[in-house]
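Only one structure is covered here, and it is reproduced in the block below.
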Amino acid sequence: MAAVTPMMQQYLDIKEQYRDCILFFRLGDFYEMFFDDAETASKELEITLTGRDCGLEERAPMCGVPFHSADSYISRLISKGYKVAICEQVEDPSLAKGIVKRDVIRVVTPGTVTDSTMLEEKKNNYLMAVYKNGFFFGIATVDLSTGEFNTTQINWGNTYDKLKDEIAKFMPSEMIVNSEFYNDSPLLAGIANRFNTYISPYDDRYFAGEYAFSKVKDRFKDQGITGGEYCLWANASGALLEYLEQTQKVNLEHIQSLNVYKIEEFMVLDVSTRRNLELTETLREKSRKGTLLWVLDRTVTSMGGRTLRKWIEQPLISVPDINSRLNAVNEMKDKFMARMEIRELLKKVYDIERLMGKVILGSVNCRDLVALKNSLGQIPYIMNILKDCTSDLLVMNYNRLDALEDVFELIENAIVDDPPVAVKEGGIIKKGFNQEVDKLRSATTEGKNWIAALESAEREKTGIKNLKVGYNRVFGYYIEVTKSYYSQVPDSYIRKQTLANCERYITQELKEIEDTILGAEEKVIELEYRLFLSIKDKIASEVHRIKNTARSISEIDVICSLAEVADRESYCMPRVTLDGEISIVDGRHPVVEKMVDQGSFVPNDTVLNMDEDRLAIITGPNMAGKSTYMRQVALIVLMAQIGSFVPAKSAVIGIVDRIFTRVGASDDLAAGQSTFMVEMSEVANILNNATSRSLLVLDEIGRGTSTFDGLSIAWSVIEFISDKEKMGCRTLFATHYHELTQLEGKITGIKNYCISVKEKGEDIIFLRKIIRGGADDSYGIQVARLAGLPGPVIDRAKEILHELNDADISKKEIKARRGKKPIEGQLELFSYINVSKTENEILEELKNIDISAVTPLEALNIIYRLQQKAKKG
């Protein structure tokens, strides 16, 4: 077999180490891909597939992309779920003996992207590690671009559902898992089908307890990490750190603190609830507009946008923490001018968190440093405004802010105001920062002036009128004197070359100028780059101070954003308590009121508590606003617990530990589940996991099956939820089963409510107002008319409804209807009625009575006899 070329052998050796990646192999000004990688990349990137002689009988398939535009190609591959290994030349080609040494400097995966062009500004890009041990899990997440690191474990309760809830909270773009997880096919398929994430197995040895724990202790040595045999979070965290080191190949100093949290420290929101309440994306279009985040996000920095999203994804359950946020929002709401000034200053602040990520990871350029400087320049002004604030959270953030004058001055003095993008092409260091740079730079720009000045000075000093300074590549700079002036040449001149008509000399001064000028451009570029690296390292050493300041800036931005929304939308400050009461006066849906004409949204009150108003049964026609009202209550509770003001005239919110929603119908056909199966699965999850402090929003339970099955299930669910021994939690229950309204008075804690409507002829007007009592009618036919069903269909529906009402099929008391002629072409309902033998006999006897021959007394006797017969029959 023919041997491959040395270059191709080098490629194959490196590719062997990164078999799960597409290898970008640097050759000159291109990244080249070969063999299977080339075929994959050419198809995915729609670039030409060519070939290259590699020493084998057949040419190696090859394709390539220019190195200066590689980021866009890498981004496209990452978005399709591929990993890309970047292989660079790691030695100077001019100094190389044989093949230039190459190595992978970085592996880019969906979860380790740091390029700002590939990331959403106001959304974290999380990488998650999950360690499965039996039924228990360890979870660790990191955002490499910001250095945020979180970890927890799940070791009790319904662990599979809790795992899905945590994945839904962080929505990682990539997951690495141990073999036990990866080999659990139902679990893996469930996660893969539900979430848009790239899942790959990772070597079990990196998840192993001792190895992983030592990794965590080494990284976070200042935090005094301790743990026992069942610290599953440490297994996941250690593996995640190892993965980052293997893929990034740099010191990850910006990952400075480990946040070990418990799931129970925050309000728990399952996958269905996040989807149904449309917190960060809408159900249908998956867009941001029309979500709670869209309403509340008036942040002006990327950091603030990400922090607000985290607050929405993780509502608090600690009353002091919630009140701390509310008080800060209230203070900023009241201080209009201070808020406006801070927001104007924040608009000039760039993404400090991600800029520091780039500093640590080595991908920062001088424009990034100028952006960092301009951001830091706003901090003293922000601090000056905040110094008079009194709320605890604002005071804490003020104290945590660091003006960072030293970092600001370093960049201000060192880096030019408008630097080039490239850091290896010079022109980045300010004049006056470094004398050597100034001298070298002067040599490149003023070299000709120096030579002309020297030439003029030497002529005057020697009296040689035709003396001139020249240059060639062999001898460099020289002083040329013709034969007629040899006698006037000073002793300090050193002969360098003799020609037919002249002599060429050098002097010590000319030699120094030559040394300065020749190679000055290369030297200044090299020196500027070294200085840049030194400046970058000095900034990196202050990462802790800068990250703390960035955190405060982001929280201040969120507080101002929530205050801005509260002020502009007329929100009220909720009173958050532990007593379980939810009392809302004139509550409004925060999103819907923004989507309709101003002032047209109808507000509604809500009363729920742990005693006489535990469960509200809500009836009323479709389109009347039942679902909107119930979502509105859930969103108001959630908003209060993130520390936001709420859309209401007043609100008292008793802390909720979980919000569950069962709203709408969506067939999970991909998983082979019908609407009813999905509905029952969600109800089962609620009944198995809700506590007495949970809030339940249930919409039309049981509608996906037959009337009596659905009614029976809904009835039973209400009995279970309302039972204090079993659950007894606060619940909003919308239904079209009017029979359920009978439960008020029979079961304590149940109250009936309905959406009021006004009938106008054959039409109805939705008044959108919640009132006490049950609805008299579902108004389904009127709603169908509003929806545009054809007239004949509406008319026929009315006839059938009339027959059904007469038949009263809900009690199965069907009465025979005679004499009504059915519509032509339609079967008459109840045309066949099962009549008993006794009834037939009575009917026959009545038919055969001769009324004209019967006396009144005989008639009474006949009626009495037939009545007795009917009773016996």
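The values are calculated or read from the model by the stated rules, or taken from the named source; none is laboratory data. Bear in mind that the values here come from a model prediction, so they are computed numbers and not experimental data. Don't worry about glycine lacking a Cβ; one is built from the backbone with ideal geometry, like all the others, and counts go over all protein chains shown. These area figures cover heavy atoms from the full protein model, side chains too; ligands, DNA and RNA do not enter into them. Shrake-Rupley method; radii C 1.70, N 1.55, O 1.52, S 1.80 Å.
General remarks:
- Rounded to the nearest 500, the 222 nm mean residue ellipticity of the chain from helices alone is -13500 deg cm²/dmol, with -39,500 (n - 2.57) taken per DSSP H run of at least 4 residues.
- Cα-projected label distance for residue 453 with residue 607, points at 7 Å along beta-carbon direction, nm: 9.3
- Ranking 218, 657, 103 by solvent-accessible area of protein heavy atoms (1.4 Å probe, all protein chains present), from largest to smallest, gives 218, 103, 657.
- When nucleic acids and ligands are ignored and a 1.4 Å probe is applied, residue 52 ends up with an accessible area of around 90 Å².
- Tilt relative to the chain, helix 626-642 - C-alpha long axis, 0 to 90 degrees, to 10: 40
- In the full protein context, the chain carries 49 Å² of accessible surface per residue, based on a 1.4 Å probe and ignoring ligands, DNA and RNA.
- In Å², nearest 10: area of residue 309 left accessible to a 1.4 Å probe: 40
- When the charge dipole of the range 79-123 is built from unit charges on Cβ atoms (+1 for Lys and Arg, -1 for Asp and Glu) and taken about the Cα centre, the candidate among 112, 89, 100 whose Cα reaches farthest toward its positive end is 112.
- Loop-located GluC sites (Glu not before Pro) across the range 143-230 with a Cβ neighbour count of 15 or fewer within 10 Å are 229, with loop assigned by DSSP.
- Net charge contributed by nearby residues that have their C-beta within less than 10 Å of residue 379 (K/R +1, D/E -1): -2
- Rounded to the nearest 20 debye, the dipole size of the range 427-529 about its Cα centre is 360 debye, using +1 on the Cβ of Lys and Arg and -1 on the Cβ of Asp and Glu.
- Neighbours of residue 34, meaning other residues whose beta-carbon lies under 9 angstrom from its beta-carbon, give a summed charge of -1 when Lys and Arg score +1 and Asp and Glu score -1.
- Cα convex hull volume per residue for the chain (Å³): 290
- Whole-Hz couplings from phi, Karplus 6.51/-1.76/1.60, listed for the range 574-587; x for Gly and Pro: x, 9, 9, 9, 9, 7, x, 7, 10, 10, 10, 10, 6, x
- Note that the range 34-50 has calculated 3J(HN,Hα) couplings of 10, 6, 4, 4, 5, 5, 5, 5, 4, 6, 6, 9, 6, 10, 5, 9, 10 Hz, one per residue in order, obtained from phi through the Karplus relation 6.51 cos²θ - 1.76 cosθ + 1.60 (θ = phi - 60°); glycine and proline are x.
- Largest accessible area first, the listed residues 785, 772 line up as 772, 785 when surface is computed with a 1.4 Å probe on the assembled protein chains.
- The chain - percent of accessible surface contributed by carbon and sulfur, probe 1.4 Å: 50
- For peptides 735-745, 410-420, sequence by mean Cβ density within 10 Å, most packed first: 735-745, 410-420
- Protein-only accessible surface at a 1.4 angstrom probe places the residues 72, 644 in the order 72, 644, largest first.
- Once the Cα atoms are used to define both axes, helix 319-334 deviates from the longest principal axis of the chain by about 70 degrees.
- Sparsely packed loop sites in the range 70-166 (the chymotrypsin sites (Phe, Trp or Tyr not before Pro) outside DSSP H, G, I, E and B with at most 12 other Cβ atoms within 10 Å) comprise 135, 156.
- Antiparallel DSSP beta bridges within the chain, percent to nearest 5: 60
- Helix 232-248 vs. the chain, principal-axis angle (Cα, 0 to 90°, nearest 10): 40
- For the chain, size of Cβ-based charge dipole, Lys and Arg +1, Asp and Glu -1, in debye: 940
- Among the GluC sites (Glu not before Pro) in the range 243-320, those located in a DSSP loop and surrounded by at most 16 other Cβ atoms within 10 Å of their own Cβ are 253, 285.
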